[in-house]
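Peer 1: My questions will all concern the structure given below.
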Amino acid sequence: MLNEPETEKPAWLEHAVVRHQHGSTLPTTDRIAEEWPVALVFNGISHAVMMTSPCDLEAFAAGFALTEGIVSSGRDIQDIEVEFGVDQAAVHLTIVQQAFANLKDKRRALAGRTGCGVCGIESIELLDLQPERVSDRGFLRTLAADAVRQAAHQLPAHQTLMSVTGGVHAAAWCDAQGTVRQVFEDVGRHNALDKLIGQLVLKRQPLHEGFVFMSSRASYELVRKVARMDIAMLATISAPSSLAVKIAEQAGVRLLSFCRENGYVEYAPGHAASPDTFAAPPG
C-alpha cells in the first residue's frame, strides 16, 4: 500500500535581482525554479542522487524506478515514503525482493544532473542502448490529424511553474485527439517525464492510449524511457539528437520534433508504419 502523497514544497523561490532594461535599472525580485538533490533509496540502500524540482517526488521516484528498469511494473513497488530536509530530500521505496536483487547486480552508482541521463555510470558497457520493441496496439492509427497542433496549442496553459520561473521543462500526457490530460514540470527534462510516467502507473492509467508531448529537445534517454514503457509516440518542441532518432527507429517509437501549431518534423515513423498510416501535418 502506497503512502498518501507527500507534503509539497514550493517549486520556486523569490530572489532579489536588478533588472536592466532600456538603459535604466530597477531593483526587484525574480522567481527562480528550485533545484534540490533528491536521494532515491531502494530497500534502505541509496541508489541515486538526482537534481530535481522538489515537487511530485512520489511520482518521480516511481517513474524513475520504472523507466530505469529497476522494477518491471507498478506492482513491484510496495511502498513510497518522502522525507524532506533543508534544501534536500530522500525518497524511500520498498520494492519486491527480486527487483532489489536485480538492482544490486547492476552495480550502478548514479549521480544525476539535470542535463544528463547517465552521469556516474561505471562503464560504457552498462549504458543500455538496446530498446524494447514497442507493441503495435493500434494507437497511432487512431491519432487525429490535428493532434500535435492541439497539444502544442494547449500545453502553455498547463505550464504553471514555467509561467512563474521561465526555467523548467514540461512533460504532458495527451490522448488521441491531442487533448492534454496531465502535465508535470521539472528543472530536468527526464525528471519531468519520470514524474509523468510514475503518476500514470500509480493511478493505473493505460499507457497505450496516449502519447508524450514535451517542451524540450528529444534526447536519447527520453526515447529510451518511452520505449521501455511501451508508449507509441514521443513529440517534442525542440530538436532530436542523432541517438534519439536511432533508438526511436529501433524501438518502433514514432518520434516528432519541432512541434508547433502549424506543423512538425517526423524523424521516425513508428511501429509497422506505412505511407498511409499517419495523417499529414497541418500545413
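Peer 1: Restricting attention to the stretch 219-266, which residues are closer than 12 Å to residue 148 by Cα and of a type in the set (Lys, Arg)?
Peer 2: 260
Peer 1: For the stretch 55-77, enumerate the residues that are surrounded by fewer than 20 Cβ atoms within 10 Å (Cβ to Cβ), touching a residue at least 60 places away in the same chain (Cβ under 8 Å) and not in a helix (DSSP H, G or I).
Peer 2: 69, 73
Peer 1: Another question, then. I'm trying to understand the selection: among the residues of the stretch 40-53, which are surrounded by fewer than 17 Cβ atoms within 10 Å (Cβ to Cβ) and not in a loop (DSSP other than H, G, I, E, B)?
Peer 2: Within the stretch 40-53, 45, 46 qualify.
Peer 1: I'm told residue 131 meets every condition in (1) assigned to a loop (DSSP other than H, G, I, E, B); (2) more than 11 Å from the chain's Cα centre (by Cα); (3) surrounded by fewer than 21 Cβ atoms within 10 Å (Cβ to Cβ) except one. Can you identify the failing condition by its number?
Peer 2: Exception for residue 131: condition (3).
Peer 1: Do the conditions hold for residue 242, that is, is it within 20 Å of residue 131 (Cβ to Cβ) and without any contact (Cβ under 8 Å) to a residue 24 or more places away in the chain?
Peer 2: yes
Peer 1: Note down all Cβ pairs under 6 Å where the first residue falls in the stretch 168-182 and is within 10 Å of residue 148 (Cα to Cα), the second is aliphatic (A, V, I, L, M) and in a strand (DSSP E or B), and they're at least six residues apart or on different chains.
Peer 2: 174/180
Peer 1: Can you tell me which residue within the stretch 253-270, out of those that are surrounded by fewer than 22 Cβ atoms within 10 Å (Cβ to Cβ) and part of a loop (DSSP other than H, G, I, E, B), is farthest from the chain's Cα centre (by Cα)?
Peer 2: Among them, the one singled out is 262.
Peer 1: Are there any pairs with C-beta distances below 7 angstrom linking a residue in the stretch 85-102 that is of a type in the set (Ser, Thr, Tyr) to a residue that is outside any strand (DSSP E or B), with the two at least 6 apart or on different chains, and if so which?
Peer 2: Close Cβ pairs satisfying both conditions: 94/43.
Peer 1: Hey, can you tell me all the residues within the stretch 10-38 that are surrounded by 17 or more Cβ atoms within 10 Å (Cβ to Cβ) and among the aliphatic types (A, V, I, L, M)?
Peer 2: Within the stretch 10-38, 11, 33, 38 qualify.
Peer 1: Sort out which residues of the stretch 78-108 are in a loop (DSSP other than H, G, I, E, B) and either under 19 Å from residue 49 (Cβ atoms) or outside the structural domain of residue 44 (by TED's automatic domain parsing) (or both), and write them in order of number.
Peer 2: Once the filter is applied, which keeps residues that are in a loop (DSSP other than H, G, I, E, B) and either under 19 Å from residue 49 (Cβ atoms) or outside the structural domain of residue 44 (by TED's automatic domain parsing) (or both), the stretch 78-108 yields 85, 86, 87, 88, 107, 108.
To keep it simple, each residue is scored yes or no on (1) outside the structural domain of residue 181 (by TED's automatic domain parsing); (2) modelled with pLDDT of 90 or more.
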| site | (1), (2) |
| --- | --- |
| 114 | yes, no |
| 118 | yes, no |
| 121 | yes, no |
| 134 | yes, yes |
| 144 | no, yes |
| 147 | no, yes |
| 151 | no, yes |
| 154 | no, yes |
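Peer 1: Which residues, counting only those in the stretch 207-236, are crowded, with 21+ Cβ neighbours inside 10 Å and of a type in the set (A, V, I, L, M)?
Peer 2: Listed by number, the residues that qualify are 212, 214, 218, 222, 223, 226, 227, 231, 232, 233, 234, 235.
The values are calculated or read from the model by the stated rules, or taken from the named source; none is laboratory data. Predicted model, so just to flag it, every value in this text is computed and none were measured. Neighbour counts run over all protein chains shown; Cβ positions are idealised from the backbone, glycine included.
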